[in-house]
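The values are calculated or read from the model by the stated rules, or taken from the named source; none is laboratory data. It should be emphasised that the depicted structure is a prediction, and the values quoted were computed from it without experimental measurement. Virtual Cβ from ideal backbone geometry, glycine too; neighbours counted across all protein chains shown.
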Amino acid sequence: MSPRVSVTVLHRFCGAVAVAALTVAATVVPSAAASAAFPDPRPGGDAFLSRPWAPTFDPADPMVLVNKAHPVSPAGWAPDDLVRPDVPALGGHDRLRPDAARALERLAADAREATGRELVLASGYRSADYQRDLYARYVDSHGRRAADTFSARPGYSEHQTGLAADVAEAGTPFTGFGRTETGRWVAAHAWRYGFVVRYPQGAQDVTGYSPEPWHLRYTGKGLTTRMHLAGLVTLEEAFGAGPAPDYAPAG
Ligand SMILES: [Zn+2]
């Protein structure tokens with residue numbers, strides 16, 4: 001059960017790793033070839049970049065916002081079109097929505113070409129029931145307060161949408177992804193494939209989660225290109241949706 005691997009160790013080293021990864025991402029200048037492949041989508045220049053996109057709460061929409069303030073709704077929703085991407089998987093949670101699966105295949109192929117390393121899928125779609133069990137185990141082992149910083153409560157996980165993928169470099173636990181060759185490449189290039197590194201360093205007050213260089217969220221290239229150009233690193237900022245540092249108090 002790889003999700004249990006060394007979470008406490010992760011907390012010790014993850015900060016420096018994620019900072020390094022984000023520094024790489026921030027200093028990447030698109031090449032001429034990349035610019036041709038990803039034309040500037042701005043219809044209105046800077047105004048386009050500064051105008052938040054409205055979030056959607058439809059779990060079937062690739063741009064759905066799921067965080068501690070916005071659970072998957074309706075509760076228990078499950079995609080009906082999950083597929084297995086042609087990417088090596090570490091376990092049984094190896095399915096994604098079709099667009100996310102195709103994008104992950106392209107990302108993995110290009111990462112392999114650039115680094116010589118194999119990207120693997122550690123965890124894709126997870127049902128609300130499985131998330132309930134996973135979160136309960138984390139609460140048992142770490143306590144509820146700590147568990148809430150790295151594991152979503154049931155009904156609040158992006159993995160339930162089939163649009164989130166925890167990835168790893170073959171031979172390295174996914175919790176060490178940020179310090180791998182593949183992890184650095186993904187931090188710099190994921191946006192080109194429509195993925196956001198969803199829980200970046202320094203954004204816990206916005207996202208509600210500790211840095212997770214391995215958790216990729218597919219939204220499509222339109223949004224991620226815009227975020228890259230505008231220097232936005234969280235979906236909450238991109239959507240102008242406000243921070244979601246914690247769950248609402250139980251009523
Ligand atoms: Zn994840």
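Can you find a residue in the range 210-228 that is surrounded by 21 or more Cβ atoms within 10 Å (Cβ to Cβ), touching a residue at least 40 places away in the same chain (Cβ under 8 Å), more than 17 Å from residue 184 (Cβ to Cβ) and in contact with a Phe, Trp or Tyr (Cβ under 6 Å, 6 or more places away or on another chain)? Checked the range 210-228: at least one residue is surrounded by 21 or more Cβ atoms within 10 Å (Cβ to Cβ), touching a residue at least 40 places away in the same chain (Cβ under 8 Å), more than 17 Å from residue 184 (Cβ to Cβ) and in contact with a Phe, Trp or Tyr (Cβ under 6 Å, 6 or more places away or on another chain). For the range 93-113, the count of residues that are surrounded by fewer than 17 Cβ atoms within 10 Å (Cβ to Cβ) and within 16 Å of the ligand (Cβ to nearest atom) is zero.
Among the candidates 172, 182, 224, single out the residue that is of a type in the set (S, T, N, Q) and in a loop (DSSP other than H, G, I, E, B).
On the way: 182 fails: in a loop (DSSP other than H, G, I, E, B); 224 fails: in a loop (DSSP other than H, G, I, E, B).
Going through 172, 182, 224 in turn, the sole match is 172.
Taking the stated definitions as given, is residue 152 farther than 22 Å from residue 70 by Cβ, crowded, with 21+ Cβ neighbours inside 10 Å, within 12 Å of the ligand (Cβ to nearest atom) and touching a residue at least 12 places away in the same chain (Cβ under 8 Å)? Spelling it out, it is not the case that residue 152 is farther than 22 Å from residue 70 by Cβ, crowded, with 21+ Cβ neighbours inside 10 Å, within 12 Å of the ligand (Cβ to nearest atom) and touching a residue at least 12 places away in the same chain (Cβ under 8 Å). Within the option set 99, 110, being part of a helix (DSSP H, G or I) and within 21 Å of residue 82 (Cβ to Cβ) holds for one residue only, 99.
If you take the residues in the range 115-149 that are among the small types (Gly, Ala, Ser) and not in a helix (DSSP H, G or I), which one is nearest to residue 70 (Cα to Cα)?
Here is the first cut: in the range 115-149, the ones among the small types (Gly, Ala, Ser) are 116, 122-124, 127-128, 136, 141, 143, 146-147.
Then drop every residue that is not not in a helix (DSSP H, G or I), which leaves 116, 122-124, 127, 143.
Details: 116: 39, 122: 25, 123: 22, 124: 20, 127: 17, 143: 23 Å.
The residue in question is 127.
Just to be sure before I move on: is residue 187 more than 22 Å from residue 120 (Cβ to Cβ), within 16 Å of the ligand (Cβ to nearest atom), among the small types (Gly, Ala, Ser) and at pLDDT 95 or above in the structure I sent? If you could, list the steps in order and put the result at the bottom.
Details: more than 22 Å from residue 120 (Cβ to Cβ): no; within 16 Å of the ligand (Cβ to nearest atom): yes; among the small types (Gly, Ala, Ser): yes; at pLDDT 95 or above: yes.
Against the criterion (more than 22 Å from residue 120 (Cβ to Cβ), within 16 Å of the ligand (Cβ to nearest atom), among the small types (Gly, Ala, Ser) and at pLDDT 95 or above), residue 187 does not qualify.
Got a sec? Which of 167, 186, 120 is surrounded by fewer than 24 Cβ atoms within 10 Å (Cβ to Cβ), of a type in the set (A, V, I, L, M, F, W, C) and either touching a residue at least 12 places away in the same chain (Cβ under 8 Å) or on the phi < 0 side of the Ramachandran plot (or both)? Steps first, please.
Values: 167 fails: surrounded by fewer than 24 Cβ atoms within 10 Å (Cβ to Cβ); 186 fails: surrounded by fewer than 24 Cβ atoms within 10 Å (Cβ to Cβ).
Only one candidate qualifies: 120.
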